[in-house]
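What follows is a short report on a single structure.
The values are calculated or read from the model by the stated rules, or taken from the named source; none is laboratory data. Everything quoted here is computed from the prediction, not taken from an experiment. Heads up, the Cβs are rebuilt from the backbone with ideal geometry, glycines too, and the neighbour counts pull from every protein chain shown. Heads up: the accessible areas ignore ligands, DNA and RNA and are worked out on the full protein's heavy atoms, side chains in. Shrake-Rupley method; radii C 1.70, N 1.55, O 1.52, S 1.80 Å.
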Amino acid sequence: MMSLCLLPIMEVLTAVWRNMTFLLKCMKMLTPWCWLGGFGTRKISSPKFSAPQSPERVKPLSVNYHFTRQCNYKCGFCFHTAKTSFVLPIEEAKKGLSMLKDAGESVMGMEKINFSGGEPFLQDRGNFVGKLVEYCKKDLKLPSVSIVSNGSQITEKWFRSYGEHLDILAVSCDSFNEEVNKLIGRGQGNKNHVDKLMKIRQWCCDYNVAFKINSVINSYNVEEDMRDEITRISPIRWKVFQCLIIDGENSGEEALRQAETFVITDDEFKGFLNRHKDMTCLVPESNQQMRDSYLILDEYMRFLDCRNGRKDPSKSILDVGVENAIKFSGFDEKMFFKRGGKYVWSKADLRLDW
């Protein structure tokens, strides 16, 4: 019978053996790496680690770059207000636009850029946006370059300098009644917003630029009938938006606008659409369609995520790259296509016939 004094020794030997077995297994796992270091000629594939990705990566097919927040109008429902006066140096802006065009092998690069604000023609009397338009068309060779403007600062001289590089110009017009425009905040003293709209429409015709109208339907214009005017102007697209509330922009304590009095119900919006249903150029966008279906870059080139009813910024694409920043955009690509976000947007394909 084994002596009781030998039991502690046996327990120690058992523990040592277990540890040796564990070490041998570890050495077996490390053997390929030892061979690789020792012989150098044998190829051993190393394990690959990558950050988790969503099943479908977001593609920056169409991007809206709000390079300035400054504006000369005071629209009560504005949902991109003058919270800063910052504008990127033009070379930095060009760098970011180039990054969007060449977004990388894993995503499709940008095909359409839309410059917006604020009012994009305020910066350097329109030359800033003009130079970006020219760069995107001539250097980046984008299929479509467009601008959204309130129209007040646009001149025929601008068209002579930059018009050939612009595919689409959208002018915001919420009413064809000048008194209603003033109530909304889209007015400048004695200047007539609708008269300027008609001048720009003619310049677009003269310089071969597709003309578009954007209208925000709100409590002041929801009963208006715009069929005659839209028929006469004949824009390629008439974007009709339902007034949208964004916390921190046109609602909330820190907001520069309080748009609650401009809000309309879904039924009121449908009523406006039914009245204009025969307009073939009409492209309606309800709050649900609009909120998450735009890729929006702010003045710092940060993507803005609107899913939570506010604009939560990503990091700038200039700092982290397009693919990293776009993950935080909140972009609903399916809704983008569902609302008609992809259309014939190059004037070369539009075959404009005025």
(request) Roll a 1.4 angstrom probe over the protein heavy atoms and tell me the percent of accessible area of the range 143-213 that is carbon or sulfur. (result) 44
(message) Loop-only GluC sites (Glu not before Pro) in the range 131-233, please: DSSP not H, G, I, E or B, and at most 16 other Cβ atoms within 10 Å.
(response) 223
(request) Past 26 Å, Cα to Cα, is the threshold; run 196/338; 138/239; 112/315; 95/315 against it and keep the listed order. (result) 196/338; 138/239
(request) Determine, for each peptide in 77-83, 250-256, the mean count of other beta carbons within 10 angstrom over its residues, then list the peptides with the highest first. (result) 77-83, 250-256
(message) Working only with C-alpha atoms, what are the Rg and Dmax values of the range 307-354, expressed in angstrom?
(response) 15.8, 44
(request) At 0.36 nm per residue, minus the direct Cα-Cα distance, what do residue 57 and residue 199 gain on full extension? Give it in nm, one decimal, please. (result) 46.9 nm
(request) Name the aspartates and glutamates eligible as straight-distance cross-link partners of residue 270: C-alpha to C-alpha under 14 Å, and not fewer than 8 places from it in the same chain. (result) 223, 224, 225, 278, 285
(request) Note the full-extension length gain between residue 124 and residue 254 as 0.36 nm times their separation in residues minus their Cα-Cα distance, in nm to one decimal. (result) 43.9 nm
(message) If Rh is defined by the Kirkwood formula over all Cα pairs and Rg also comes from Cα, what ratio Rg/Rh do you get for the range 172-278?
(response) 0.99
(request) Would you grab the residues whose amide H sits under 5 Å from the one on residue 283? Only those 5+ places off in sequence or on another chain, please, with H modelled 1.01 Å from N. (result) 238, 239, 240
(request) For the range 118-199, state what percent of all Cα-Cα pairs lands in each successive 5 Å bin, counting from 0 Å until the bin that includes the largest distance. (result) 3, 14, 24, 22, 16, 11, 7, 3, 1
